[in-house]
Structure formats: C-alpha cells, structure tokens
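Structure record follows, encoded as structure tokens.
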Amino acid sequence: MSNSLKLKSENLCFNGTVAYYSHFSSVCNCEMNFAVYLPPQAKSQSVPILYYLSGLTCTEENFTVKAGAQRYAAEYGIMLVAPDTSPRNTGIAEEDEAWDLGTGAGFYVDATVEPWKKHYQMYSYVTQELPQLINANFPVLANKQSIFGHSMGGHGALICALKNPDKYLSVSAFAPITAPINCPWGEKAFTTYLGQDKKQWQQYDASELIKKTQLDYPILIDQGMADTFYEQKQLLPETFQSACQEVGQALNLRFQPGYDHSYFTISTFMEDHIKHHAVVLCS
Ligand SMILES: N[C@@H](CCC(=O)N[C@@H](CS)C(=O)NCC(=O)O)C(=O)O
C-alpha cells in the first residue's frame, strides 16, 4: 500500500468492505479524499473498477451512504471508487463563497485560470492520478474500468468517457449536465476555471465532444421528469440527444415520470446502471 494513502475508516458491507481514504494529490497539490467499495470477490481475485463522480455540494460520502450501490457491486464483483468533488481547504479566497463554485464544485475540468489552476485539476485527477493510485494499491483489473455519475458528476462521467474511448469500457449517468457551455451552472464554472474564451470550453462539453468522438457502446442516461434542475434547463438532455442522433451515437435516454434530482431517484435506478456496466466489465 502506497505511503501517501491514509485509511480513515473501514466497514464490512455485503461481505465486502467500504473504506474511506485520503492522500496527497500531486496534480491537485493538496490532500484529496475518496471512498471505495471492495466486493467480497476481491479477497481471492482481481476485480473490475467502476468510478462514480458525484454532483454539486457532494463529498465522497453522499454516494457511499445513499446510492445503495454496494449490494449490486457485491453481486457482480465490481470495485466502486467515489472521489470527492473538488480540492478542499486550498486557501483560495473565493473557494467557499458559493455552493456551485469552488469547494464541492470542481466540475471535473483542469483549471487554467488563477487562482484556481494550482489546485483545481479534477480532470487529470479522476482520469489519471486516481486510477494510477487505485491500480497500484488494490486488487483490480486495470484494463477493465468504467465510469458513471450524477448531475455535475454525470457531466464528468460523459466527458471522461468521450475524451478517453480506450480507457473506459462503458458510461452511464443520472440527470447529467450534458451541455455545460449552454447552462447557467456550466457558464459560471467554465468562465471561472477556463476563462472567457468559449472555444476552450468545448473540450469539456459532452454535446460538443460527441460530434467529434463516438463511442462504440451505448450510453445510458436516466432523467427524472420532476427534477427541478431539469425544469430550470441546467441539464439539457435533449441537446445531448439531438447531438447523438446527428452522429449516430447509441443513447438510451430514459425519462422517468415523477422522479426528482435526489438520491432517492439514483438508488431506484442503481441496479439498472450497475447491470449496464457489469455486462462489459464482467464478461
Ligand atoms: N444546495 C443545492 C442543491 C444541490 C444538490 O441538489 N446537489 C445534488 C447534486 S447536483 C446532490 O447530490 N446533493 C447531495 C445529496 O442529495 O446528498 C440547493 O440548495 O439547491
């Protein structure tokens, strides 16, 4: 086990282990937190990995305690990895001024603007540094990894998959922000982290990326129809759907009547999402 990895807590869960860790991240230049679930199968064999990226205001804990994913990960023998949503306590003055920027709102991009760029390197963190750490310290099949997420984390999962078609074997999302360059949350975050030049923003926008790179597997998205952020046009799944149709990308976009933006929705459809990934990860 790497020296920089600090085990903070460990609990038995469906005969596997939920564990919280912190470590010093060289790309974010600060201490970072993440949670894992190691399924029972990991005691005797290497297992595939499914990364989960959370939404605004979350830590690594929301998914771990509310999504109900461990039961299915134990069934299929998949390791779950849930990173925090941003660096914390970096000393950046504006870090804690708003709930949709800074702490809890890293947006899974590599910031290029001061004062953020020294720490807010979440894209490199989740696609490179964290997988390297996981692969070096846990009994995993490094060539079998997939990714999913919620809201801001759904955006993160989509861009990670679209920018790395060889790295992830499947992707899915709950209520993802699918066109951040055209919604208030994305415009605010991208202006802050990436600057005024909107051309730079496109590299982190799923509805733009899909025009350049198609995935040779279907994307699964669940969107609740009673989701206030959907109603407020923060998520824009129709924009992503049109872009997918234009380029022939297979997309299973399911509108779920009555479901909102909460973890009650996520836990309801968790089994479907884990199965979606297990089909490729466990074959
Ligand atoms: N704080 C925001 C809501 C933020 C929010 O809904 N965050 C979602 C992700 S976008 C979440 O997962 N929250 C944590 C939770 O439900 O456990 C508000 O008051 O409107």
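Quick one: if you stick a label point 7 Å off each Cα along the C-beta vector at K199 and E75, how many nm between them? Taking the simple label geometry, K199 and E75 are separated by 4.9 nm. When you filter the chymotrypsin sites (Phe, Trp or Tyr not before Pro) in the range 66-155 for DSSP loop state and at most 11 other Cβ atoms inside 10 Å of their Cβ, you are left with W99. Extending 7 Å from Cα along the Cβ direction at T228 and again at F255 yields two label points whose distance is 2.1 nm. Between L251 and I219, the built amide H atoms are under 5 Å apart, and every one of these is 5 or more places off in sequence or on another chain.
Shown in residue order for the range 83-95 are the 3J(HN,Hα) couplings computed by the Karplus curve 6.51 cos²θ - 1.76 cosθ + 1.60 at θ = phi - 60°: x, 5, 8, 5, x, 9, 6, 8, x, 5, 4, 7, 4 Hz (x for Gly and Pro). By the count of other C-beta atoms within 10 Å, a proxy for reagent exposure, H277, H23, H261 are ordered fewest to most as H23, H261, H277. Footprinting exposure proxy ranking of D110, D272, D166, fewest other C-beta atoms within 10 angstrom first, gives D166, D272, D110.
Taking each of K167/K275; K43/K144; K199/K233; K43/K275; K8/K188; K144/K275 in turn, the alpha-carbon distance tops 25 angstrom for K8/K188.
Residue separation of S46 and A98 scaled by 0.36 nm, minus their Cα-Cα distance, works out to 14.6 nm of gained length.
Rounded if a/c is under 1.5, else prolate if a/b beats b/c, else oblate: with a ≥ b ≥ c from the C-alpha gyration tensor eigenvalues square-rooted, which is the range 64-174? Judged from the Cα gyration tensor, the range 64-174 comes out prolate (a/c at least 1.5, a/b above b/c). Derived scalar couplings between HN and Hα for the range 194-209 equal 10, x, 7, 6, 5, 4, 5, 5, 4, 5, 10, 10, 4, 6, 7, 4 Hz in order, rounded to whole Hz, by the Karplus curve 6.51 cos²θ - 1.76 cosθ + 1.60 (θ = phi - 60°), x for Gly and Pro.
Here V109, V140, V18, V247 are placed in order of increasing Cβ neighbour count within 10 Å, fewest first, which gives V247, V18, V140, V109. For the chain, a simple Cβ point-charge model (Lys and Arg +1, Asp and Glu -1, everything else neutral) yields a dipole of about 660 debye relative to the Cα centre.
Only the coordinates and a few stated rules stand behind these numbers; no lab work does. These numbers come from a predicted model, not from an experiment. Note: ideal-geometry Cβ built from the backbone for every residue, glycine included; neighbour counts use all protein chains shown.
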